[in-house]
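**Student:** Dropping a structure here in structure tokens format, bear with me for questions.
Bear in mind these aren't lab numbers, they're just calculated from the coordinates by the rules spelled out. Remember, it's a predicted structure, so these values are computed and weren't measured experimentally. Here Cβ is always computed from backbone atoms with ideal geometry, including for glycine, and neighbour counts include all displayed protein chains.
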Amino acid sequence: MKTFDGDFTKFLNMIKSGEHFSLSRWGDGELMILEGKAIDIRSKGNGEFRYDPNIEDYGKFRDKLIDSFEYKDDNYYIGIACPCCVGQEKYQYMKDKSHQDEKHLTCA
């Protein structure tokens, strides 16, 4: 079974050995966009982002986001929201939607 500490050590060792890799983090905001739900958190902190599924141009950006979520490469890893943060159902949705094998999945 994967653990946060185990994955952290794996990535730390990759850095120490000079191995090239990419780690893409996907939290609850990205989850809402993947699900096609509106989100507006521009008032959070210094302002973050907005996604409105009713704005045509936003659909193009969502498509690109999905492309990167489903992208596969030997050195590309996806960090998804863990079940303790988003619940088992949404965690499983992200896991299934990413089409990644277990080796390329970690927690966000």
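**Student:** For Lys44, list the lysines whose Cα falls under 30 Å from its own Cα; do not include residues on the same chain fewer than 8 positions away.
**Tutor:** Lys60, Lys64, Lys90, Lys95, Lys97
**Student:** Taking the Cα-to-Cβ direction at Ile15 and at Glu56 and moving 7 Å from each Cα, how far apart do the two end points lie in nm?
**Tutor:** Computed distance between label sites Ile15 and Glu56 equals 4.4 nm.
**Student:** Sort out the exposed loop trypsin sites (Lys or Arg not before Pro) in the chain (DSSP loop, at most 13 other Cβ within 10 Å) and tell me the longest stretch that has none.
**Tutor:** Maximal segment without exposed cleavage sites: 73-108.
**Student:** Name the residues whose placed amide hydrogens come within less than 5 Å of the amide hydrogen of Thr106, ignoring near sequence neighbours (fewer than 5 apart) on the same chain.
**Tutor:** Sorted by chain and number, the residues that satisfy this are Ile78, Gly79, Ile80.
**Student:** Given a cut-off of under 8 Å on Cα pairs at least six residues apart, what relative contact order in percent is computed for the range 8-68?
**Tutor:** 20
**Student:** Glu48: net charge of surrounding residues, Cβ under 13 Å, Lys/Arg +1, Asp/Glu -1, itself excluded?
**Tutor:** Residues near Glu48 contribute 0 overall.
**Student:** So, one more: Dipole of the chain (Lys/Arg Cβ +1, Asp/Glu Cβ -1, origin at the Cα centre): which of Asn75, Ile15, Gly29 lies farthest to the positive side?
**Tutor:** Sorting the options by dipole projection puts first Ile15.
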